[in-house]
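Here is the structure we will look at.
No lab work stands behind these numbers, since they all come straight from the coordinates. Everything numeric in this text was worked out from a predicted model, so none of it was measured. Note that we place each Cβ from the backbone using ideal geometry, even for glycine, and neighbour counts take in every protein chain shown.
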Amino acid sequence: MNIAQHNTVVLDFIQRVQRRGIVPHYISTVTGELLAVLARCVQAKQVLEVGTLWGYSTWWLYQGVAHEPDAKIITIEKERKHSTLAQQFFAATQLAQVELRLGDAHSIIPEFAVNAFDFIFLDADRRDYQTLLPQLARVLRPGGLLAIDNIAIDSNHANADVMTEFLLCLEQESTLERVSVGGTTNLMLGLKQLAQ
């Protein structure tokens, strides 16, 4: 498998999750390609993903670190039904450098050391974004990159107020230099500042 195209196994799983009604919630191919390139740009070896779903975004993150023999991706999923499908996907696609943690990210992330990760992808329940942000900033190394998905939503969306509050909180996170990536990616990127 490579970053340029999906193989038969990935396409088969996409069809499988479509039949199970999960398809509206996974990232676009464009976003996946961007995540892989960003992970390479920061020379990521230790990657954290919050919100696995069935593992499609994890697969793209893997494309960004697969060239590093000692790379590792830890991905957190709180729904057992999704984690079960993700485990099947990881086995089918032979993602040996991936560790799936089942549980609440609020409880799991405090277990990690300060500056433990080079790259973090946040794609969880938007209602958790604000409370997770300080924990994610703590475990992201200086010079590391935080990518936040689903950052822009319609004002009529059920989580519009939640995201407004989160964006205000993000502006106050002094350790992160931020830039929004619009279009079909809908990402916010935060580069953790180097220590002075």
Practice problem: Scan around Phe121 for amide H atoms under 5 Å from its own, H built in the peptide plane at 1.01 Å from N, and keep only partners 5 or more places away or cross-chain. | Solution: Leu48, Glu49, Val50, Ala147
Self-check item: Among [x] 11.4; [y] 10.7; [z] 15.7, the entry that matches mean projected area of the Cα convex hull in nm² as calculated here
Solution: [y]
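What ranking of Cys41, Cys169 emerges when the number of other C-beta atoms within 10 Å of each C-beta is taken as an exposure proxy, fewest first?
Cys41, Cys169
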Practice problem: Please report the relative contact order for the chain, taking Cα pairs under 8 Å with a sequence separation of at least 6, and give it as a percent rounded to a whole number. | Solution: 18
Quiz item: Which far-off residues, 5 or more places away or on another chain, put their amide H under 5 Å from the one on Arg101, with H placed in the peptide plane?
Solution: Thr75, Ile76, Glu77
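Quick one: net charge of Gly103's neighbours, Cβ under 15 Å, K/R +1, D/E -1?
In short, -4.
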Quiz item: Which order do Met188, Met163 fall in if you start with the one that has the fewest other Cβ atoms within 10 Å?
Solution: Met163, Met188
Quiz item: Relative to the Cα centre, what is the charge dipole magnitude of the range 8-191, using +1 at the beta carbon of each Lys and Arg, -1 at the beta carbon of each Asp and Glu, and rounding to the nearest 20 debye?
Solution: 460
